[in-house]
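The values are calculated or read from the model by the stated rules, or taken from the named source; none is laboratory data. Please read all numbers here as calculations on a predicted model, not as lab measurements. Note: ideal-geometry Cβ built from the backbone for every residue, glycine included; neighbour counts use all protein chains shown. Just so you know, the surface numbers come from the protein's heavy atoms only, side chains and all, with ligands and any DNA or RNA stripped out. Shrake-Rupley method; radii C 1.70, N 1.55, O 1.52, S 1.80 Å.
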Amino acid sequence: MDKFTVLSAVAAALPEANIDTDKIIPARFLKTTQRTGLGKHAFDSMRYLAEGSENPDFVLNQQPWRQAEILVTYDNLGCGSSREHAPWALLDFGIRCVIAPSFADIFFNNCFKNGILPIRLPRDICDALMGDAAMGSNARLTVDLPRQVVIRPDGQEVPFEIDPFRKHMLLEGLDDIGQTLQHEGEITVFEQTVAGERPWMPKISFE
Amino acid sequence: MAPRTLFDKIWDHHVVETLPDGTSILYIDRHLLHEVTSPQAFEGLRLAGRKLRHPEMTVAVVDHNVPTSDRTQPIEEPESRNQIETLERNVKEFGVPYIPLLSANQGIVHVVGPEQGISLPGMTIVCGDSHTSTHGAMGALAFGIGTSEVEHVMATQTILQRPAKNMRVTVEGTLGAGVSAKDVMLAIIGHIGTAGGTGHVIEFAGSAIRGLDMAGRMTICNMSIEAGARAGLVAPDDVTFDYVRGRPFAPKGEDFDKAVAYWRTLSSDDGAHFDTEVTLRAEDIAPSLTWGTSPETVLPITATVPDPAQESDEAKRVQMQRMLDYMGLDAGQKIAGTPVDVVFIGSCTNSRIEDLRAAANVAAGRKVADGVRAMIVPGSGLVKRQAEEEGLDKIFLDAGFEWREAGCSMCLGMNPDRLTPGQRCASTSNRNFEGRQGPGGRTHLLSPAMAAAAAVTGCLTDVRELA
């Protein structure tokens, strides 16, 4: 996973609430067995017209937002399906940071696992950042993870919260499994305890 | 010890270790896999040279991407076939118990788990699917995870989590005629909204919930995710234990008694703290359905479509108008009487035998309206067989319904079961998002009885009028 430290990039505004993961990547594109290659289908129904050509009115089809690496939306971003294909599609498109007043839990989690930084900021600040985003390439936002601030084009700094553990994992580009396996001894002890307390727990086998 | 909620108890029983920042390593008792969200996880294990820590706590089944037509024929779409063959290779290589496509036990993972006794009270259960919340009806802590977490559970049998907040939704009273668990859950989502449960685990309580059978409780917990919650729970009781007894993987004999003694400790203590409490009266809930493209756009069937002009928040007003345009509805029109093109009875929300009985009850002696395509997709091979033993297939076929094989089908339109642009569908599934059932498709979420009523009248109909 790529490290996330400081990102200075074009931001795109999608001023909608409840952008669900079906909208980010429709189910018919989930037949892949890979993590990559989904970027061309990101926001498919908004991005392409019925006959398959690009919808010129959609922000990610316009310059300079084709190069957007930051996305700003309204509440409850990523609701619906748990599909990690949603952050994979965003990442493959080039998005590394999503900003919204609130996120659906599973999507929020899935972003971190892929080196995408989700930032919760109040609605009025999201409105201000959407105003910045509308200025396009003249108005790059800077997301400084070590200092936990979003820096607006006029230099104003907006602080944000993040779990220390998740921050560490993003900064170092670490994956969770290696971290958890450092606690394998405790997992084994737990298993032995449960085997004593709940011996009736069935094992599954179709043999 | 301070009074604890049901969620607190299951959580406490599964914490391996809590890290200094408050993140816990939570032990997982059951890991359910399907073909769509597992291939990248298996690939990750392979690249890192890792194995499954506990294949015997893991079960794989194909459901999302399988055809619901004749299974003796090969799968036509090469990508779908590849995804299923990939799972079959992976379960063989990693030694995972697997229910193949042609097994009589095959079905939707959230129907199969409880049905086989794979999901039991008090367990932690995860699956790379948001509707894993369904298993909360057993009194288990069950939630959907992403593919990276699937790989994490495969390798460590644990997941990294912070404790959720506790919400209790209490529904007291007696449900009226024609009102089902689906209507109760739609009413709850309409009340608290699609983000109302964010960060919470919801415990469903009250006499109306206690009075539901297991299928009804599964319908309720299934759609907890549509209320934004991490999971839904119903405290296990005699209804639960009667359901579990005798299932293939349930504990047997003395083990069962020991298990029940433990399961009986799993309820919220008097005085336990809930961060959020919501109460509904069962008598206030009518047969309901959604009008828009978010599951919170709930109406009683007797109501009219809302008017965006009455919404003061501009962003909401714009979104409402877009929903009306997408759904082809006008503000102020009566929702009942709107013609439908397709009726879909199925999905992990409503494809159990009880759901099919409710639909058959309405369909019996009637005919599917001209021009309507009506599909019944049982939740599992066993549900299908049971329905056939009860003669429900004959009722449906005589009425002009399609009687199909088990799978997720038109709930998400991964397989060929899809709406075409502009088609309006009365659906017992869980999501009405734009394009969910096929690009341009229009979905109204409702109960199996209401779906059957739409099929035989050709329009959205108050099922009570067919009584």
A careful count of residues in region B:8-27 that are under 30 Å from B:ASP270 (Cβ atoms) and open to solvent by less than 10 Å² (accessible area, probe 1.4 Å) gives 5
For region A:66-81 the number of residues that are within 26 Å of B:ASP129 (Cβ to Cβ) and more than 8 Å from every other protein chain (Cβ to nearest Cβ) is 4
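Collect the residues in region A:168-195 that are open to solvent by 60 Å² or more (accessible area, probe 1.4 Å) and under 30 Å from B:VAL244 (Cβ atoms), keeping them in residue-number order. Please lay out each step first, then the result.
Initially, region A:168-195 is screened for residues open to solvent by 60 Å² or more (accessible area, probe 1.4 Å), giving A:168, A:172, A:175, A:182, A:184, A:186, A:189, A:192-193, A:195.
Matches in region A:168-195: A:VAL189, A:GLN192, A:THR193, A:ALA195.
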query = Taking B:SER409, is it under 23 Å from B:PRO114 (Cα atoms), open to solvent by less than 20 Å² (accessible area, probe 1.4 Å) and within 14 Å of chain A (Cβ to nearest Cβ)?
reply = yes
**Report entry** Test: residue in region B:382-404 that is in contact with a helix residue (DSSP H, G or I) (Cβ under 7 Å, 6 or more places away or on another chain), under 30 Å from A:ILE24 (Cβ atoms) and not in a loop (DSSP other than H, G, I, E, B)
**Finding:** no
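Return the total of residues in region A:141-159 being over 13 Å from A:VAL72 (Cβ atoms) and part of a loop (DSSP other than H, G, I, E, B).
Restricting attention to region A:141-159, the residues satisfying the condition of being over 13 Å from A:VAL72 (Cβ atoms) are A:142, A:144-149, A:151, A:153-157, A:159.
Narrowing further to those that are part of a loop (DSSP other than H, G, I, E, B): A:145-148, A:153-156.
Final tally of qualifying residues: 8.
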Of the residues in region B:1-23 that are outside any loop (DSSP other than H, G, I, E, B) and over 27 Å from the mean Cα position of the chain (by Cα), the one that is nearest to B:LEU141 (Cα to Cα) is B:VAL16
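Among the candidates A:PHE107, A:PHE160, single out the residue that is touching a strand residue (DSSP E or B) at 6+ places or on another chain (Cβ under 8 Å), within 14 Å of chain B (Cβ to nearest Cβ) and of a type in the set (Phe, Trp, Tyr).
Details: A:PHE160 fails: within 14 Å of chain B (Cβ to nearest Cβ).
Exactly one of A:PHE107, A:PHE160 is touching a strand residue (DSSP E or B) at 6+ places or on another chain (Cβ under 8 Å), within 14 Å of chain B (Cβ to nearest Cβ) and of a type in the set (Phe, Trp, Tyr), namely A:PHE107.
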query: What about B:GLU277, is it of a type outside the set (Val, Ile, Thr), touching a Gly at 6+ places or on another chain (Cβ under 8 Å) and either within 28 Å of B:GLY173 (Cβ to Cβ) or open to solvent by 70 Å² or more (accessible area, probe 1.4 Å) (or both)?
result: no
message: Looking for something without any contact (Cβ under 8 Å) to a residue 40 or more places away in the chain and part of a helix (DSSP H, G or I) - is there at least one such residue anywhere in region B:25-45?
response: yes
Suppose the filter is within 12 Å of chain B (Cβ to nearest Cβ), over 26 Å from B:PRO295 (Cβ atoms) and either open to solvent by less than 40 Å² (accessible area, probe 1.4 Å) or at pLDDT below 95 (or both); does A:GLU84 pass it?
no
By residue number, the members of region B:1-58 that are out of contact with any helix residue (DSSP H, G or I) (no Cβ under 8 Å at 6 or more places or on another chain) and aliphatic (A, V, I, L, M) are B:MET1, B:ALA2, B:LEU6, B:ILE10, B:VAL15, B:LEU47, B:MET57
If you go through B:VAL96, B:VAL111, B:VAL91, B:VAL153, the only one that is touching a residue at least 12 places away in the same chain (Cβ under 8 Å) and not in a helix (DSSP H, G or I) is B:VAL96
